[in-house]
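So the structure is just underneath, and the comments pick up after that.
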Amino acid sequence: MEDGTFKSPGYCEGTVDDYDVRQWDTREDCEVRQILDRVADKWSLLVIALLDCQSLRFTELRREIDGVSQRMLSVTLRHLERDGLVTRTVHPVVPPRVDYALTPLGRTLHQTIKALVTWTEEHQQEIAQARADYDTRREMMDV
């Protein structure tokens, strides 16, 4: 096998013991990349965060997530359900009622998201200062 090639088109090495950023392959058939793309998009993050404490109906989620379209929320929920992160419960009432909730797997992901939010809150001033410094340097270069 040629140096730098993978064993098969969809092959991605494990992430636990041999963490290597190069395994986040950009090819569409890399499972690690697909999962990261799914769980790290802004709508998925918001849905997972909102479902942490309670199950919610579709309309409640849509009302809570500013800017999400009905179609985008539907697609996001469908993907999260397919990945085993969210459950969808249809109640046999008129009109039909559908609730969404995190699965145990989804709750473990929420803990990771919470850690990322905590890190962001702790370092937001440093990031704001770095942005201001960068903008000042760029302005000086443009003069």
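Throughout, read-outs are computed from the coordinates displayed, never taken from laboratory work. The structure presented is a predicted model; accordingly, all values stated were derived computationally and were not measured. Note that each Cβ is placed from the backbone with ideal geometry, even for glycine, and that neighbours are counted across all protein chains shown.
Observations on the structure shown:
- Cα gyration tensor category, rounded, prolate or oblate, for region 44-96 with a/c compared to 1.5: rounded
- With 0.36 nm allotted per residue and the present C-alpha distance subtracted, the Asp99-Glu64 stretch has 11.1 nm of extension available.
- When the square roots of the Cα gyration tensor eigenvalues are ordered a ≥ b ≥ c, the ratio a/c for region 36-143 is 1.5 or more and a/b exceeds b/c, which makes its shape prolate.
- Distance between modelled label sites at Ala128 and Ser55, nm, 7 Å Cα→Cβ extension: 4.0 nm
- Taken along the Cα-to-beta-carbon direction at a fixed 7 Å, the label points for Glu121 and Lys42 span 2.1 nm.
- When each of the peptides 107-116, 127-136, 49-58 is scored by the mean number of other C-beta atoms lying within 10 Å of its residues, the order from highest to lowest reads 49-58, 107-116, 127-136.
- The stretch between Arg33 and Met140 holds 34.7 nm of extra length on full extension. This uses 0.36 nm per residue minus the Cα-Cα distance.
- If you take all other residues with their beta carbon under 9 Å from the beta carbon of Val98, and give Lys and Arg +1 and Asp and Glu -1, the sum is +2.
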